[in-house]
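Student: Starting off with a structure, shown below.
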Amino acid sequence: MNPGTSRWVKGVLNGAPLILFVAVVAVFGAQSPKFLAADNFINILVQAAPTAIVAVGMTFVLLSAGVDLSVGAIMFVAAAVVGKLTVQFNSIWPALLVMTLTGILFGALNAALITWLRLIPFVVTLAMQFIGRGLALNVTETRSLSLPDYFLSLGTERWLGIPAPIWWLAAVVGLAQGVLTFTPFGRQLYAVGQDAEAARKAGVHPRRVIAAVYVISGFCAAVGGILALAQLGTISPKFGENKEFMAIAAAVLGGTSLFGGRGKVFPGTVMGAILIQTIENGLVMVNANPYLYPLITSAIIFVAVLVDSTRSRWLAQWSRRWIRREEEGAVS
């Protein structure tokens with residue numbers, strides 16, 4: 001493959017989320033003119049905010065070459081606890097504090113099991129998913145709980161004319177991108193994801209870094225749960241269900257590797273979350289058969305994994321090709 005073609009292929013793989021987004025907008029826009037309205041795109045951003053925030057935490061975990069299948073359950077547990085305690089709250093801040101601390105606690109529990117007991121992240125977080133959902137169902141007694149109006153204001157208020165969920169999303173994304181780009185922790189995380197043993201020899205403590213990303217993931221799951229709860233207004237037994245798969249798909253579509261060490265929160269993960277929400281919004285706008293939604297969801301996950309595996313394989317081949325060229329140049 002010549003250099004020009006290689007650059008073109010690399011550009012297509014890296015720009016896959018934007019290319020897919022443009023294609024989706026074109027398809028749904030042709031079928032429903034209302035889909036292209038400015039208000040609808042703002043609505044997409046608002047609805048995408050909870051998933052995007054959860055996906056930000058998932059990005060940190062994936063960068064460490066791990067996975068967190070418990071984020072949906074964490075959202076549910078945090079929401080269930082708040083739903084039961086709502087009658088004792090006179091303001092919104094105690095509810096936000098309880099949800100946030102619940103997310104951090106479950107994230108810390110994941111971190112302890114993975115780093116101290118050295119259990120496999122997939123197994124730990126899968127078990128925590130069942131434990132969390134079972135605990136939340138027990139707390140709510142499998143009944144739907146309605147929240148007071150003061151909690152719903154988080155999903156309806158506008159600050160400077162911009163919906164509050166977009167501000168929350170911008171704050172989380174800005175903080176996460178800053179951590180990954182400008183802090184030693186961010187550099188250590190990429191190093192651990194690339195090669196944990198090499199990072200350890202360089203003076204990094206992989207166990208501390210890995211523990212931190214699961215706490216971050218739990219925190220982001222709680223914040224995403226806050227926004228999702230503010231938009232829905234009720235806690236149902238299916239709250240947060242399958243959110244972990246949407247978060248993984250959003251991160252991977254945005255360029256984060258399932259194999260660790262590569263990815264960005266912005267624009268990568270955010271673009272992936274917006275793409276997923278755009279598809280869901282478009283299906284509603286064109287009155288698609290609701291039974292098709294699970295098929296579309298599975299297709300999104302499949303595309304995300306396919307893009308990531310193709311990108312990883314191509315980048316590996318590209319690296320080997322350049323190494324050979326450098327060796328040949330040195331010999332000549």
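The values are calculated or read from the model by the stated rules, or taken from the named source; none is laboratory data. None of the values given here were measured: they were computed from a predicted structure. Please note: Cβ atoms are built from the backbone with ideal geometry, for glycine as well, and neighbour counts cover all protein chains shown. What goes into the accessible areas is simple: the full protein's heavy atoms, side chains included, and nothing from ligands, DNA or RNA. Shrake-Rupley method; radii C 1.70, N 1.55, O 1.52, S 1.80 Å.
Student: Measure nothing but the geometry: give the 0 to 90° angle between the long axis through the Cα atoms of 206-232 and the longest principal axis through the Cα atoms of the chain, rounded to 10°.
Tutor: Around 40 degrees separate the two axes.
Student: Could you compute how fast the range 213-319 diffuses translationally, taking Rh as the Kirkwood radius over C-alpha pairs and applying Stokes-Einstein at 37 °C with viscosity 0.692 mPa s? Give it in µm² per second.
Tutor: Approximately 215 µm²/s, per Stokes-Einstein.
Student: Dipole magnitude of the chain about its Cα centre, charges +1 at Lys/Arg Cβ and -1 at Asp/Glu Cβ only, in debye to the nearest 20?
Tutor: 760 debye
Student: Could you quote the convex hull projected area for the range 30-77, Cα atoms only and averaged over all directions, in nm²?
Tutor: 5.0 nm²
Student: A further question on this structure: If you rank Glu280, Glu141 by how much accessible surface each has, with a 1.4 Å probe, what is the order from largest down?
Tutor: Of Glu280, Glu141, the descending order of accessible area is Glu141, Glu280.
Student: On to the next question. Can you find, among Gly218, Pro163, Ser144, the residue farthest towards the positive end of the dipole of the range 143-261? Put +1 on the C-beta of Lys and Arg, -1 on that of Asp and Glu.
Tutor: Gly218
Student: Turning to a different aspect of this structure: Excluding Gly224 itself, what net charge comes from residues whose Cβ is under 14 Å from its Cβ, given Lys and Arg +1 and Asp and Glu -1?
Tutor: -2
Student: Turning to a different aspect of this structure: Could I have the simple spin-label model distance between Thr156 and Ser298, label points 7 Å from Cα toward Cβ, reported in nm to one decimal?
Tutor: 3.8 nm
Student: Okay, next question. Rg and Dmax of the range 64-188, Cα atoms, in Å?
Tutor: Using the Cα atoms of the range 64-188, the pair Rg, Dmax is 17.0, 49 Å.
Student: Here's something else I'd like to know. Report the full-extension gain for the segment Ala171 to Val27: residue separation times 0.36 nm, less the Cα-Cα distance, to one decimal in nm.
Tutor: Extra length from Ala171 to Val27 when fully extended: 48.7 nm.
Student: Post the alpha-carbon centroid distance, the range 267-288 to the range 107-168, in whole angstrom.
Tutor: Spelled out, the Cα-based centre of one part sits 22 Å from the other.
Student: Please calculate how many Å² of accessible area the chain carries per residue, with a 1.4 Å probe and no DNA, RNA or ligand atoms counted.
Tutor: That works out to 49 Å² per residue.
Student: Accessible area, 1.4 Å probe, largest first: how do Leu175, Leu126 sort?
Tutor: Leu175, Leu126
Student: Treating the angle as unsigned and between 0 and 90°, give the value, to the nearest 10°, between the Cα long axis of helix 164-182 and the longest Cα principal axis of the chain.
Tutor: It works out to around 30 degrees.
Student: Further question: Roughly how many percent of the accessible protein surface of the range 120-228 is carbon and sulfur, given a 1.4 Å probe and a whole-percent answer?
Tutor: C and S fraction of accessible area: 66 percent.
Student: Please find the FRET efficiency linking Thr310 to Ile120, where r is the Cβ-Cβ separation and R0 is fixed at 25 Å, and quote it to the nearest 0.05.
Tutor: FRET efficiency, Thr310 to Ile120: 0.45.
Student: To the nearest µm²/s, what D does Stokes-Einstein give for the chain at 10 °C and 1.306 mPa s, using the Kirkwood radius over alpha carbon pairs as Rh?
Tutor: D = 76 µm²/s.
Student: By per-residue mean of other Cβ atoms within 10 Å, what is the highest-first order of 49-57, 299-307?
Tutor: 49-57, 299-307
Student: Do any trypsin sites (Lys or Arg not before Pro) in the range 96-193 lie in a loop, going by DSSP, with at most 11 other beta-carbon atoms within 10 Å of their beta carbon, and if so which?
Tutor: Arg118, Arg143
Student: To the nearest 10 square angstrom, how much accessible area does Phe122 have with a 1.4 angstrom probe?
Tutor: Using a 1.4 Å probe on the heavy atoms, I get roughly 110 Å².
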